[in-house]
Amino acid sequence: MTPADGDRLVTSPSHDAGTAVPGSDGIVPADPGSAGVPARTFHIRTYGCQMNDHDSERLAGLLTADGLVATDDLESADVVVLNTCCIRENADNKFYGHLGNLKSLRESRPEMQIAVGGCLAQMDREHIQQRAGHVDVVFGTHNLGRAPALLRRAAESGPLMEILDEPLPEADPATAGSSAAALSAVRDLPYAAWVTIQIGCDNSCAFCIVPSVRGGEVSRPFAELVTEVEVLADRGVSEVTLLGQNVNSYGRDLTRRRPLFADLLRSVGAVDGISRVRFTSPHPKDLRPETIAAMAETPAVCNHLHLPLQAGSDRTLTAMRRGYTAERYLARLAAARASIPDLAVTTDLIVGFPGESDQDFESTLEVAAEAEYDSAYTFIFSPRPGTRAAEMQDQFVPEDVVAERFERLRVVVERSALAKHRARIGQVEEVLVEGPSKRDRPEQVGALRPVD
Ligand code: SF4
């Protein structure tokens, strides 16, 4: 999973009329602000990846359905929810910093509630309340849908924590991945939507904490996903991004007969009104010919493949437990490029995994150069407690060595990215404009795809 750049706020209160769902405990909430009582407001701060961004959208939908109103002013919000990430040390340091800052606000406004959910909450559990006594509710990754009910209960009876070790049944509307929660989501953009197709991961990459906090893979039913996309298209959505920790193993828990992800791409791509289908992230070891064929033969599927390499040395890949060699990775990439014209390829790379030698790193440089990425998310290894890699302390690479390698890798990636971008000069591309850039407001940002 690729962490998003920085934190994002869910600020749009533009909830579709007619999408209100029963409260997460089954009670239909009162209209916001009815009987002259101003509605309580909520503010969600999100850390980490697109999965968390979309969880926050769903949470915003559930809180709105529960009678609360979104605000982008954290200082005045009646309920502040921090949706946390534990993939990188940086994200959890930021979270604990923000949580500390909220203490004085909570003291000055005793009626305010603070809730902490998401991956770090699932991992740290009671540690959060021990470290920050001003937190009212702690909930995990499997019961996001119960957050509104937990907040109401905490308002009556004081701070509480509810962490489940496995997902609620899919049919339960309180389930994070349920259709009810997904369809009531308050989305940032009216024309683009994330659709979570699976939660959890069955792999055991040595650096990754996701399987411990999100659990094993659970795929959402095929028909339910297609219906969800049809409803989104009826509401004006033209671009969907299918989300999962390992999207191309989607459906492995539903059937072993055929790779369902390829079928899902074709079915979603055939929905009337959907003109762009994206997905993130596939795992190189599970990139099957059927998926490549579905990408090539479904006009709505964008010609972009985010294929996380992580390292180019077979020794490091084995230590990481990635399940492929550099040669196999490059062969699958070549097959994808041969079938899908003008394929844009992006990746994730980790520098300084424990035991990475100069020679291992040289292999990463070579494979990255050969893969000719359009762009890459490059990360410096950071040990996450609870992972195998965190226990390899005797093999940690010195910081100055890692910094120097990181810089060399950046140069290689930027070289191919620049060449790819230069090759597009003069081409006519279709752009889906997203709006003003978050970094430079006068600029508009959008996503390209070539015009046939
Ligand atoms: Fe983590 Fe590996 Fe699963 Fe991705 S595939 S979520 S890196 S364990």
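Structure notes:
- Label-to-label distance, E126 versus A223, with points set 7 angstrom from Cα along the beta-carbon direction: 4.5 nm.
- Accessible surface, the stretch 253-375, averaged per residue in Å² (probe 1.4 Å): 39 Å²
- Whole-Å distance, taken between Cα centres, linking the stretch 330-357 and the stretch 366-394: 13 Å
- Look at the alpha carbon pairs under 8 Å that are at least 6 residues apart: their mean separation over the length of the chain gives a relative contact order of 11 percent.
- Note on Q427 and N101: the model spin-label points, each 7 Å out from Cα along the C-beta direction, lie 4.0 nm apart.
- 0 to 90° range, to nearest 10: angle between helix 260-269 axis and the chain longest Cα axis: 70 degrees
- Amide hydrogen neighbours beyond the local backbone of V69, cut-off 5 Å, H modeled: R40, T41, F42
- Cross-link partners of K103 among lysines (Cα-Cα below 18 Å; sequence separation of 8 or more within a chain): K94
- 222 nm mean residue ellipticity, helices alone, for the chain (DSSP H n ≥ 4; -39,500 (n - 2.57); rounded to 500): -11000 deg cm²/dmol
- Cα coordinate range in the chain, projected on the principal axes (Å, largest first): 65, 54, 50
- Rounded to the nearest 10 Å², the accessible area of S313 at probe 1.4 Å: 10 Å²
- For the stretch 274-314 versus the stretch 101-123, the inter-centroid distance based on Cα atoms is 39 Å.
- Among beta bridges that DSSP assigns inside the chain, antiparallel share in %, nearest 5: 25 percent
- Cut-off under 5 Å, modelled amide H: who pairs with H304 long-range: A344
- Test item: Cα-centred dipole of the chain, Lys/Arg +1 and Asp/Glu -1 on Cβ, debye: 360 debye
- Tilt relative to the chain, helix 399-423 - C-alpha long axis, 0 to 90 degrees, to 10: 80 degrees
- You can think of it this way: the chain between L448 and D234 has 74.7 nm of extra reach, that is 0.36 nm per residue less the Cα-Cα gap.
- For V195, residues with placed amide H under 5 Å, excluding near neighbours: T241, L242, L243
- Angle between the chain longest axis and helix 326-339 axis [Cα atoms, degrees, rounded to 10]: 90 degrees
- The fraction of accessible area contributed by carbon and sulfur in the chain is 52 percent, rounded to a whole number (1.4 Å probe; ligands and nucleic acids excluded).
The values are calculated or read from the model by the stated rules, or taken from the named source; none is laboratory data. Keep in mind it's a predicted model, so treat the numbers as computed, not measured. Virtual Cβ from ideal backbone geometry, glycine too; neighbours counted across all protein chains shown. Remember, those area values only see protein heavy atoms, side chains included, never the ligands or the DNA or RNA. Shrake-Rupley method; radii C 1.70, N 1.55, O 1.52, S 1.80 Å.
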